[in-house]
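Reading through the structure tokens given below for one structure.
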Amino acid sequence: MIIRLEEDQWKTLTDAEKSVITYINNNEELIPEKSISEMAEESYTSPATVSRTIRKSGFDGISELRYRISAKNEFNQESMMVNAIFQTSMLECQKTIENLKVPTILEVVKRIKRAKKIYLLARGATVLVAEEFEMQLQLLGYNVWIMRDSEHMKRSNLIFKEDDLVIIFTVKNSTPELGMAAKFAKENKANVVSCTCLPRSELNQYSDVYVVGYTKYDYAIKEFLVTSRLPLQIISRTIIEYLTL
């Protein structure tokens with residue numbers, strides 16, 4: 001059995017939660033390939049009950065349960081690898097949300113609303129995050145422009161103006177021109193928001209608001225040093241969805 005509870009713990013469960021645990025233990029080898037909805041349907045409960053019961057049983061969520069079963073049963077290698085990826089994604093989401101503070105998001109939103117012009121700075125694959133953010137801000141009526149060229153960043157002292165807002169997206173601030181542009185923005189009395197996965201970086205000293213996500217820094221595509229942008233997407237989504245309220 002993958003889930004073993006003490007008698008006192010068992011007594012605290014509802015009948016529906018007990019049904020979920022019985023189902024999981026009786027179908028352990030099938031769980032790594034089941035969705036929460038399938039588990040709910042087959043245990044005659046609801047997805048919310050399945051999710052709640054898994055957490056009550058000591059797991060962070062369905063991804064950890066799948067991974068633990070796969071490891072315990074020496075499941076096929078492909079299944080173990082996929083569940084490990086699920087676990088990494090869940091960790092990045094969970095840690096990023098834990099890192100984010102409500103006052104920080106509200107401060108970013110306030111600066112977006114009062115900005116005359118918004119510049120989004122990003123390099124490499126992170127430009128994809130900035131492009132989606134740009135499109136969403138444009139749909140909401142904001143004057144926004146992406147700066148992706150390093151040569152433009154080197155000369156951004158000629159571009160940024162007072163009351164402009166510069167929002168920088170970077171996982172680990174590996175592009176020197178981003179720090180240079182942030183410095184120019186502050187010298188020109190523009191506002192600077194940095195969205196990154198580094199608790200501290202060069203950008204701190206130039207940022208009015210410093211928003212930190214979480215990443216394991218594992219390379220998704222090792223040959224090209226591509227890391228996950230999921231934390232930055234969570235940050236941008238949170239800002240946009242608040243703006244639409």
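The values are calculated or read from the model by the stated rules, or taken from the named source; none is laboratory data. The shown structure was predicted, so the numbers you read here are calculated from the model rather than taken from an experiment. Using ideal geometry, Cβ is built from the backbone for each residue, glycine included, and neighbour counts are taken over all protein chains shown. Note: areas computed on protein heavy atoms with side chains; ligands, DNA, RNA excluded. Shrake-Rupley method; radii C 1.70, N 1.55, O 1.52, S 1.80 Å.
Some points to look at:
- Taking every residue in the range 19-38 that is small (Gly, Ala, Ser) and pairing it with any residue that is open to solvent by less than 20 Å² (accessible area, probe 1.4 Å), at least 6 positions away or on another chain, the pairs with Cβ-Cβ distances below 9 Å are Ser19/Ser43; Ser19/Thr49; Ser19/Thr53; Ser37/Val50.
- Total residues in the range 185-200, condition more than 21 Å from Ile159 (Cα to Cα), open to solvent by 30 Å² or more (accessible area, probe 1.4 Å) and touching a residue at least 12 places away in the same chain (Cβ under 8 Å): 2
- Filter result for Ala182 (within 22 Å of Val212 (Cα to Cα), of a type outside the set (Lys, Arg) and open to solvent by less than 10 Å² (accessible area, probe 1.4 Å)): yes
- When Ser174 is tested against (1) hydroxyl-bearing (Ser, Thr, Tyr); (2) in contact with a strand residue (DSSP E or B) (Cβ under 8 Å, 6 or more places away or on another chain); (3) surrounded by fewer than 19 Cβ atoms within 10 Å (Cβ to Cβ), just one condition goes unmet, and that condition is (2).
- Which numbered condition Ile85 misses (of (1) surrounded by 18 or more Cβ atoms within 10 Å (Cβ to Cβ); (2) modelled with pLDDT under 95): (1)
- Comparison of Ile54, Ile21 shows that the only residue that is touching a Gly at 6+ places or on another chain (Cβ under 7 Å), buried (at least 18 other Cβ atoms within 10 Å of the Cβ), assigned to a helix (DSSP H, G or I) and at pLDDT 90 or above is Ile54.
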